[in-house]
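S.K.: Handing you this structure, nothing more for now.
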Amino acid sequence: MTKDLFSRPLPRRAVLSGLGLGALATLTGCVSSPSSQNADLSAFGGLPGNIPPEYATAYGPISDDGFTIPAIDMRRMNPQFLRRQVAYNGPEAPGTIIIDTPTRYAYLVQPGGTAMRYGVGIGRDGFAWEGRARVQFKREWPRWTPPNEMIDRQPELEVYRGVGMDPGLTNPLGARALYLFKDGKDTLYRLHGTPEWWTIGKAVSSGCVRFMNHDIIDLYNRAESGATVIVNQPGGLAV
């Protein structure tokens, strides 16, 4: 990605206004794995001194469609991957989603020369495609269906063959998923939540582009079906 498109984060007032504090599939797609443990989904335990206290609300517990998403423990999060507004001076229209895999950031371009920035984790399949696509459809609490090849390698997943995994807090697709198509064809590339929020900012072993559940809900609420999505890979195209 060209470095001059996104500048340093905006002042604290703009950051807090951009948090969205007032408003909080059956397709196989990316190959993810169920959460191996939930012990790291700890209760919110306070803020380091350099993180504004309003983040306690933005990343606190969420009650959503019968599920309670646990709070993010800020003591264990790199603050650079928390949601915030940044300045944007690029050519893309508001509503465009930009995934920059080298930096582990996703951006939603907004009016007025700004973008909402989210920290993401990139899985093996997240490095498999780049270019422009569109959000064909969005799903709340999507169903996860592992491919047969994955089940053959991991017999413990046999119970999900043909029927998939019910939505829930341990589902690898998390609370929301956006499905990307190009020229009417499924790219098998997904933007999705994850119960393993501690993997944000990292190259993880599976999946496409994973967001904290809090952030994928925010993106889901802001992004439109049909939105343009640009995926940049290391050494690839620059937007």
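The values are calculated or read from the model by the stated rules, or taken from the named source; none is laboratory data. These figures come from a predicted structure and were not determined experimentally. With ideal geometry, Cβ positions are generated from the backbone for all residues, glycine too; neighbour counts draw on all protein chains shown. Please note that ligands, DNA and RNA were not included when accessible areas were found on the heavy atoms of the full protein model with its side chains. Shrake-Rupley method; radii C 1.70, N 1.55, O 1.52, S 1.80 Å.
S.K.: Given the convex hull over the Cα atoms of the range 94-179, what projected area results after averaging over all orientations, in nm²?
M.R.: For the range 94-179, the mean projected area of the Cα convex hull comes to 7.1 nm².
S.K.: With N set to the number of residues, divide the alpha-carbon radius of gyration of the range 156-236 by 2.2 N^0.38 Å and report two decimals.
M.R.: Dividing the Cα radius of gyration by 2.2 N^0.38 Å gives 1.18.
S.K.: Return the carbon/sulfur percentage of the accessible area of the range 121-176, one whole number, probe 1.4 Å, all protein chains in place.
M.R.: 47
S.K.: Between Ala203 and Glu156, 0.36 nm times their residue separation minus their Cα-Cα distance comes to what?
M.R.: 14.5 nm
S.K.: Can you give the relative contact order of the range 85-239 as a percent, counting alpha carbon pairs under 8 Å and 6+ residues apart?
M.R.: Reported as a whole number, the value is 32 percent.
S.K.: Could I have the simple spin-label model distance between Thr57 and Lys182, label points 7 Å from Cα toward Cβ, reported in nm to one decimal?
M.R.: 4.1
S.K.: Something else: Provide the net charge surrounding Met212, with neighbours chosen by a C-beta distance below 10 Å and charges set as Lys +1, Arg +1, Asp -1, Glu -1.
M.R.: Summing Lys and Arg as +1 and Asp and Glu as -1 gives -1.
S.K.: If you don't mind, another one. Run through the DSSP bridge list for the range 80-215 and note the antiparallel percent, rounded to the nearest 5.
M.R.: Counting DSSP beta bridges with both partners in the range 80-215, the antiparallel share is about 85 percent.
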